[in-house]
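See structure below.
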Amino acid sequence: MVKIAQISCGTEYSGVQKEIERAAETFGAEIIIPETDIDYIEEAYEKFGFECASSGIKLMIARAMSVVEGRTDADAVFIATCFRCAEGALVRNEIRRFIQQNTRLPVVTYSFTERTKADELFIRMEALSTIVSRKSILAREKQEGLTLGIDSGSTTTKVVLMENNEIIGTGWIPTTDVISSAEEGMKEAFKETDYKIEDIEGMGVTGYGRLTIGRRFNADLIQEELSVNSKGAVFLANHQKGEATVIDIGGMDNKVITVHDSIPDNFTMGGICAGASGRFLEITARRLGVDITELGSLAIQGDYHKTPLDSYCIVFGIQDLVTALAAGSTREDVAAAACHSVAEQVYEQQLQEIDVREPVIQVGGTSLIEGLVEAMSDILGGIEIIVPENSQYIGAVGAALLVSGMAKTE
């Protein structure tokens with residue numbers, strides 16, 4: 001059983017603890033609380049060197065030190081603090097950095113509320129369990145045989161057919177009914193080949209609809225998108241060795257993942273509002289009277305400084321755009337402002353939660369919006385961002401790649 005060390009400041013005295021444990025148990029993991037005593041708490045606090053007022057925060061620091069010094073045997077780490085606690089937010093990031101600098105354990109951080117439920121934590125716990133239990137698969141660098149990958153996303157379903165490390169067929173379908181969308185995507189992927197579904201040697205599925213599709217087609221691999229997407233990203237970018245940061249701005253949520261030798265070791269996901277997602281850009285494109293595929297080139301020609309967006313809400317963000325257009329702003333400036341707004345929110349809500357490691361690889365359908373890629377580079381201080389060929393298919397590519405290793409590793 002995968003042991004996840006929980007480093008938190010008080011959840012064990014609330015109903016939230018039961019939800020955390022239930023989420024972990026769902027994916028074959030066990031939550032363990034690092035053991036400490038009063039003397040060790042003071043010793044660890046002095047070593048760590050972070051000044052804080054809360055005794056709960058001091059306990060968190062001691063628990064983190066217990067993991068780093070080997071007093072607690074753990075396979076992964078879950079760091080959680082209350083979203084209302086400013087001191088907790090600061091120490092959460094310091095503890096995350098401390099653990100990553102001194103161990104090779106995968107880490108995930110989370111801000112909980114008094115209403116946090118297990119299903120809100122599922123993908124995080126599933127990813128931690130997957131990274132530990134399937135390291136041999138995640139380290140796989142080549143796709144072999146004939147395999148199919150399906151990524152059932154919130155807005156689109158992507159399908160990739162791969163043969164001996166090459167993509168030979170793709171499908172891209174809007175997600176409606178997850179089964180019918182997957183079937184249409186498979187038809188597209190097979191259309192330009194001489195193969196049929198009966199010929200494939202393995203099927204891997206990921207994304208929101210992975211469980212439904214996996215059961216329907218008896219998939220060989222059903223895996224959460226954090227580990228699968230990061231694998232597909234470093235494979236397509238030809239950067240499976242060393243450090244990298246993967247940014248995936250999706251239709252409903254966003255993922256930022258750091259990897260070392262293809263293995264994810266920290267990730268953040270979600271966001272406060274859809275104003276930080278691809279959905280906001282879709283609505284912006286519609287309001288400007290252009291296709292979403294044209295929004296990026298329009299944004300490249302504009303100046304976001306001329307159309308400031310002050311709201312992080314998708315509703316009020318669109319209202320700001322409408323007001324700007326009425327006041328005489330150009331479509332180019334509005335498009336640039338929308339892209340910059342999304343990039344800024346991803347940075348403030350997620351990229352500050354991790355240590356960005358170069359190269360930065362931007363993937364997913366929104367990576368094809370060049371104005372968004374340029375805005376993200378600008379937000380990160382001019383870092384060059386890699387957008388690999390077929391970046392919109394990363395989940396499906398990752399699934400097709402990983403499933404090709406199943407017979408030899410499991």
inquiry  = Would you confirm whether or not segment 383-390 contains a residue that is more than 25 Å from ILE257 (Cα to Cα) and either among the aromatic types (Phe, Trp, Tyr) or open to solvent by 30 Å² or more (accessible area, probe 1.4 Å) (or both)?
reply    = no
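Residues of segment 77-98 being among the β-branched types (Val, Ile, Thr) and more than 21 Å from the chain's Cα centre (by Cα), which ones? Write out each step before concluding.
Residues of segment 77-98 that are among the β-branched types (Val, Ile, Thr), as a first pass: 77, 79, 81, 91, 95.
Passing the criteria: only VAL91.
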key: Among (1) assigned to a helix (DSSP H, G or I); (2) surrounded by 20 or more Cβ atoms within 10 Å (Cβ to Cβ) - the single one ARG216 does not satisfy   = (2)
query = Among the residues of segment 117-130, is any part of a loop (DSSP other than H, G, I, E, B) and surrounded by fewer than 19 Cβ atoms within 10 Å (Cβ to Cβ)?
reply = yes
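When the residues of segment 326-351 are filtered to those that are over 14 Å from the mean Cα position of the chain (by Cα) and open to solvent by 40 Å² or more (accessible area, probe 1.4 Å), which remaining residue is nearest to GLY296 (Cα to Cα)? Walk me through it before giving the result.
Step one: list which residues in segment 326-351 are over 14 Å from the mean Cα position of the chain (by Cα), which gives 326-345, 348.
Those left that are additionally open to solvent by 40 Å² or more (accessible area, probe 1.4 Å): 326-328, 330-332, 344, 348.
On the way: ALA326: 22, ALA327: 22, GLY328: 21, THR330: 15, ARG331: 12, GLU332: 10, GLU344: 16, GLU348: 22 Å.
Per the stated criteria, the residue is GLU332.
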task = Answer yes or no as to whether ILE200 is modelled with pLDDT of 95 or more, over 27 Å from the mean Cα position of the chain (by Cα) and in the same structural domain as VAL160 (by TED's automatic domain parsing).
result = yes
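May I ask you to say which residue of SER66, SER14, SER8, SER54 is at pLDDT 95 or above and among the polar types (S, T, N, Q)? Please lay out each step first, then the result.
Working: SER14 fails: at pLDDT 95 or above; SER8 fails: at pLDDT 95 or above; SER54 fails: at pLDDT 95 or above.
Going through SER66, SER14, SER8, SER54 in turn, just one is at pLDDT 95 or above and among the polar types (S, T, N, Q): SER66.
For segment 68-84: of the residues being small (Gly, Ala, Ser) and in a strand (DSSP E or B), which is surrounded by the fewest Cβ atoms within 10 Å (Cβ to Cβ)?
Here the residue is ALA76.
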inquiry  = Any residue at all in segment 203-211 that's open to solvent by 70 Å² or more (accessible area, probe 1.4 Å), touching a helix residue (DSSP H, G or I) at 6+ places or on another chain (Cβ under 7 Å) and in a helix (DSSP H, G or I)?
reply    = no
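What are the residues in segment 354-392 that are assigned to a helix (DSSP H, G or I) and either free of Cβ contacts under 8 Å to residues at least 60 places away in the same chain or among the hydroxyl-bearing types (Ser, Thr, Tyr) (or both), if any?
Applying the first criterion (assigned to a helix (DSSP H, G or I)) to segment 354-392 yields 365-368, 370-379, 391-392.
Answer for segment 354-392, where residues must be assigned to a helix (DSSP H, G or I) and either free of Cβ contacts under 8 Å to residues at least 60 places away in the same chain or among the hydroxyl-bearing types (Ser, Thr, Tyr) (or both): THR366, SER367, SER377, ASP378, ILE379, SER391.
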query = Which members of segment 85-98 meet the condition of being out of contact with any helix residue (DSSP H, G or I) (no Cβ under 6 Å at 6 or more places or on another chain) and either within 20 Å of LEU121 (Cα to Cα) or open to solvent by less than 10 Å² (accessible area, probe 1.4 Å) (or both)?
reply = CYS85, GLY88, ALA89, ARG92, ASN93, ARG96
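Go through segment 100-116 and report how many residues are assigned to a helix (DSSP H, G or I) and open to solvent by 50 Å² or more (accessible area, probe 1.4 Å).
Within segment 100-116, residues that are assigned to a helix (DSSP H, G or I) and open to solvent by 50 Å² or more (accessible area, probe 1.4 Å) number 2.
The values are calculated or read from the model by the stated rules, or taken from the named source; none is laboratory data. Source: prediction; values computed, not measured. Cβ atoms come from the backbone with ideal geometry, glycine included; neighbour counts cover every protein chain shown. Note: areas computed on protein heavy atoms with side chains; ligands, DNA, RNA excluded. Shrake-Rupley method; radii C 1.70, N 1.55, O 1.52, S 1.80 Å.
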